[in-house]
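The structure under discussion appears below in the form of structure tokens.
The values are calculated or read from the model by the stated rules, or taken from the named source; none is laboratory data. Just so we're clear, the structure is a prediction, and the values are computed from it rather than from any experiment. Heads up, the Cβs are rebuilt from the backbone with ideal geometry, glycines too, and the neighbour counts pull from every protein chain shown. Areas reflect the complete protein model, heavy atoms only, side chains present, ligands, DNA and RNA absent. Shrake-Rupley method; radii C 1.70, N 1.55, O 1.52, S 1.80 Å.
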Amino acid sequence: MKKSVLVISAVASAVLMMAFASCNKKSEAAAPAPAPAAEAKPAEAAAPAPAKAAELKPLSDARYVSANDIDKGVVSTSLEQPDGFVLVATEEKAMEVQSIADVPKTVGSDVFTQRISTKGSGKVDYRNISFPAKAGETIRCYALSSSKTDSRPLHVVNVESGEEIGTITMLPDTGSNPVTVEDVAVTKDGKYCVYATSGTGYIYQVIVGK
């Protein structure tokens, strides 16, 4: 009788141990494996911000045309200015010098009370401002898109070859946007011009110098 009790007790203990081991294995299987550590990615270099007008260096030996210095009104034929600058227009493709005295634009120490409106898209033949420039010089343009919502391109082009040497993105004229001021480098002596496409551009000043 005692032997039977001992055998039953031993069997019961073995069954309990097997059940406990089985529970432990299920718990281990249910626990999710730790996620591998995320591989650290190198930080991407931030894109350089476009230069502000105040950060642009002054140009030496500079020649310029400013909307402030031109009589207001529609320009329907080529209008010559000092230092070889010309407003190139025709009766069909006119430009206009407009007063903005009520809402002048300030860039550094310059206050513009007038602007040159291209009155539409231009080409090397019309609705542009042309001028001579030499290799090593810089063309600096002050401009805005006439749109209150859309930027527009201002092209800087070699008149003789038709080669575009730079494109300036004119910001929309929202009232709060500053005048876009950007530089384009000249690599070859020649006659150049600036004109807008995709609509009207407002040009306040063009400077050529080193």
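Points worth noting:
- Qualifying residue in segment 56-64 (condition: under 20 Å from GLY166 (Cα atoms), open to solvent by 30 Å² or more (accessible area, probe 1.4 Å), assigned to a strand (DSSP E or B) and in contact (Cβ under 8 Å) with a residue 40 or more places away in the chain): yes
- Number of the condition not met by PHE131 [criteria: (1) crowded, with 19+ Cβ neighbours inside 10 Å; (2) within 18 Å of THR106 (Cα to Cα); (3) of a type outside the set (Val, Ile, Thr)]: (2)
- Scanning segment 101-123 for residues that are crowded, with 19+ Cβ neighbours inside 10 Å and not aromatic (Phe, Trp, Tyr) yields LYS105, GLN114, ARG115, ILE116, SER117, THR118, LYS119, GLY122.
- Selection count, segment 64-103, where residues are aliphatic (A, V, I, L, M) and over 15 Å from ASP125 (Cα atoms): 8
- Pairs with Cβ under 6 Å, 6+ apart, first in segment 167-187 and without any contact (Cβ under 8 Å) to a residue 24 or more places away in the chain and among the β-branched types (Val, Ile, Thr), second open to solvent by less than 70 Å² (accessible area, probe 1.4 Å) and assigned to a loop (DSSP other than H, G, I, E, B): THR169/SER151
- On the stretch given as segment 69-97, residues that are in contact (Cβ under 8 Å) with a residue 60 or more places away in the chain and farther than 20 Å from LYS134 by Cα total 1.
- Test: residue in segment 117-139 that is of a type in the set (Phe, Trp, Tyr) and not in a loop (DSSP other than H, G, I, E, B): yes
- Members of segment 134-155 that are surrounded by fewer than 24 Cβ atoms within 10 Å (Cβ to Cβ) and either modelled with pLDDT under 95 or of a type in the set (Gly, Ala, Ser) (or both): ALA135, GLY136, SER146, SER147, SER151
Residue-by-condition table, conditions (1) in contact with a helix residue (DSSP H, G or I) (Cβ under 6 Å, 6 or more places away or on another chain); (2) modelled with pLDDT under 95; (3) hydrophobic (A, V, I, L, M, F, W, C):
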{"site": "SER66", "(1), (2), (3)": "no, no, no"}
{"site": "GLU80", "(1), (2), (3)": "no, no, no"}
{"site": "VAL107", "(1), (2), (3)": "yes, no, yes"}
{"site": "VAL124", "(1), (2), (3)": "no, no, yes"}
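- Hits in segment 168-199 - residues which are of a type in the set (S, T, N, Q) and surrounded by fewer than 20 Cβ atoms within 10 Å (Cβ to Cβ): THR169, THR174, SER176, ASN177, THR187, THR197, SER198
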